[in-house]
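These notes are about the structure you will find just below.
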Amino acid sequence: MVSPGSFRHASWSSSSYGLGIETGTTDDAGLQAVLGAVWEAAGVQGCFGDGDREPEEQEPVPLTVAALAEFGRLHGRARMPAGQWMACSCTVVRGGGGSDWLDFDIPLSALDLAGVAYGDGRPFFRSAVMDDWLAAIGIASFERARFSLGVIGWEVSGTTDAATVAGEMPPKRGIGYLVPHDGALHYGAAND
């Protein structure tokens, strides 16, 4: 049986479910702070540059912006609330709209292998289990490294931005939102 934590069986270039974070900055120090906070909050095991080889078959790489730039994606394993280890990764989009976006993702192939339900017949995938877990990661990350906006769901990075949200929780949400307001981070689950 293939493990949901397997790198080799994760479809890194296909769809994923994740947490997209608009960092609010374009400097390496700000991105590094958010990257480290997310990796720690998710309890990610290892940091690797090659998604085609299992962690046991490669040397770890540093959890740095430089390694992220060199490899394009950093890979690890995170423990889901039900206890399974899942393949996960981080990517970055630099400077889009004046701010970097850091994406923490679980490939849909890993969710399939773990038996995590995420399809409910709507045009976009949704999973309350994943949403709550990713929201907890975002909230814990915000305590260590402030950011401008977090969005949660299927392929969500860049679907909106902090300027559009303007510190206000949208009343109808097809995705989850983590919105900073008055120094606190507020979670609004998908409700539409």
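Other residues with beta-carbon under 10 Å from the beta-carbon of residue 4 carry, at +1 per Lys or Arg and -1 per Asp or Glu, a net charge of 0.
Computed about the Cα centre, the dipole magnitude for segment 111-192 is approximately 40 debye when only Lys and Arg (+1) and Asp and Glu (-1) carry charge, each at its Cβ. About the centre of its Cα atoms, the chain shows a dipole size close to 340 debye [charges on the beta carbon of Lys, Arg (+1) and Asp, Glu (-1) only; nearest 20 debye]. Residue ranges 54-60, 130-136 sort as 130-136, 54-60 when ordered by packing (mean number of other C-beta atoms within 10 Å per residue, highest first).
Suppose only helical runs count, i.e. DSSP H with n ≥ 4. What mean residue ellipticity at 222 nm does that imply for the chain under -39500 (n - 2.57) per run, divided by all residues and rounded to the nearest 500 deg cm²/dmol? So the helix-based figure for the chain works out to -7500 deg cm²/dmol. State whether the chain is rounded, prolate or oblate according to the following rule on the C-alpha gyration tensor (a ≥ b ≥ c being the square roots of its eigenvalues): a/c under 1.5 gives rounded; otherwise a/b larger than b/c gives prolate, and the remaining case gives oblate. Because a/c hits 1.5 or more and a/b fails to exceed b/c, the chain counts as oblate.
How would you classify segment 92-192 from its alpha-carbon gyration tensor, with a ≥ b ≥ c the square roots of the eigenvalues: rounded for a/c under 1.5, else prolate if a/b is greater than b/c, otherwise oblate? Because a/c hits 1.5 or more and a/b exceeds b/c, segment 92-192 counts as prolate. Counting only protein heavy atoms and a probe of 1.4 Å, the accessible surface of segment 85-173 is 56% carbon and sulfur.
Per residue, the chain exposes 45 Å² of solvent-accessible protein surface, assessed with a 1.4 angstrom probe and all protein chains in place.
The values are calculated or read from the model by the stated rules, or taken from the named source; none is laboratory data. Keep in mind it's a predicted model, so treat the numbers as computed, not measured. With ideal geometry, Cβ positions are generated from the backbone for all residues, glycine too; neighbour counts draw on all protein chains shown. Accessible surface is based on the protein model in full, side chains and every heavy atom, while ligands, DNA and RNA are left aside. Shrake-Rupley method; radii C 1.70, N 1.55, O 1.52, S 1.80 Å.
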